[in-house]
1. Looking at (1) exposed (fewer than 14 other Cβ atoms within 10 Å of the Cβ); (2) assigned to a loop (DSSP other than H, G, I, E, B); (3) not polar (S, T, N, Q), which is the only condition B:Gly123 fails?
2. Report yes if some residue within region A:41-57 is touching a Lys or Arg at 6+ places or on another chain (Cβ under 8 Å) and in contact (Cβ under 8 Å) with a residue 40 or more places away in the chain; otherwise report no.
3. For region A:19-48, how many residues are within 13 Å of chain B (Cβ to nearest Cβ) and hydroxyl-bearing (Ser, Thr, Tyr)?
4. Take the residues of region B:87-97 that are more than 8 Å from chain A (Cβ to nearest Cβ) and over 12 Å from the mean Cα position of the chain (by Cα): which is surrounded by the most Cβ atoms within 10 Å (Cβ to Cβ)?
5. If we scan region B:58-70, do we find a residue that is under 22 Å from A:Ala31 (Cβ atoms) and either without any contact (Cβ under 8 Å) to a residue 60 or more places away in the chain or open to solvent by less than 20 Å² (accessible area, probe 1.4 Å) (or both)?
6. Filtering region B:1-18 down to residues that are in a strand (DSSP E or B) and at the interface with another protein chain (Cβ under 10 Å from one of its Cβ atoms), which residue is farthest from A:Gly79 (Cα to Cα)?
7. Considering each residue of region A:60-86, count those that are touching an Asp or Glu at 6+ places or on another chain (Cβ under 8 Å) and away from chain B (no Cβ under 13 Å), and give that number.
8. Please verify whether A:Cys77 is free of Cβ contacts under 8 Å to residues at least 24 places away in the same chain and either open to solvent by 10 Å² or more (accessible area, probe 1.4 Å) or under 17 Å from B:Leu84 (Cβ atoms) (or both), treating the condition exactly as stated.
2 protein chains.
Amino acid sequence: MNLNDAIKWNEQGLVAAIAQDWQSGEVLMQAWMNAESLAMTVREGKVVYWSRSRQALWRKGESSGNEQQLKELRVDCDGDCVLLKVEQRGGIACHTGRRSCFYRLAGESGELQVVDAVIRDPGEMYGK
Amino acid sequence: MNLNDAIKWNEQGLVAAIAQDWQSGEVLMQAWMNAESLAMTVREGKVVYWSRSRQALWRKGESSGNEQQLKELRVDCDGDCVLLKVEQRGGIACHTGRRSCFYRLAGESGELQVVDAVIRDPGEMYGK
């Protein structure tokens, strides 16, 4: 079966995408892809998402430099999610300047705590 | 900030959830939670999803026995995804009897290949 036949696009024509560091296994971020961005990702070997807020192709790292080099792409059993194993350029996936977007840990009462440090100042990352 | 204030529920009142093996780092599955299932997960320490197909609470493992014990819960920067680090009972997250739902690997042409073995026969898992 081909990738395109396996994907079940949602009502917005998107599929969920999880980016995971190909070496450490750390989950870096979750975003969305449309058919065009998925095809570009496979073809170019660099991750391209679909930005729902901007309604535009989002070449990851286009403004921050923090590109994601695709090492492996997997599809889940029901075809509504892809897992991207990536090499994260600059070691920063999050727009806050942290390695991963999942930097807030929930305590037993549901209270959130920021547990990961900012590696690079976002102002510097995106140009002030 | 509290978990409930951090989550941005989508138009169906759901948030994406990624389950990751807390020890190996393997991404096991992606599913959805509503407010009730998220609260139950935090309170009980066992993962409860919202089944979109059944439109009902989905206590993971309720029929297969493959429960997920919650070890850690994180929220991403924009609050539309939670990362669950879990201990996967039985070592099987997928309804196909495989460890992970992401058992299909895309080749360079987009051709998919099943790369992970069935550990337990689904017929046996769910009772015939």
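The values are calculated or read from the model by the stated rules, or taken from the named source; none is laboratory data. Remember, it's a predicted structure, so these values are computed and weren't measured experimentally. Note: ideal-geometry Cβ built from the backbone for every residue, glycine included; neighbour counts use all protein chains shown. Just so you know, the surface numbers come from the protein's heavy atoms only, side chains and all, with ligands and any DNA or RNA stripped out. Shrake-Rupley method; radii C 1.70, N 1.55, O 1.52, S 1.80 Å.
1. Unmet condition: (2).
2. Within region A:41-57, none of the residues are touching a Lys or Arg at 6+ places or on another chain (Cβ under 8 Å) and in contact (Cβ under 8 Å) with a residue 40 or more places away in the chain.
3. Result for region A:19-48: 2.
4. For region B:87-97, the residue satisfying everything is B:Gly97.
5. no
6. Per the criteria, the residue is B:Asn2.
7. 4
8. So A:Cys77 passes the test.
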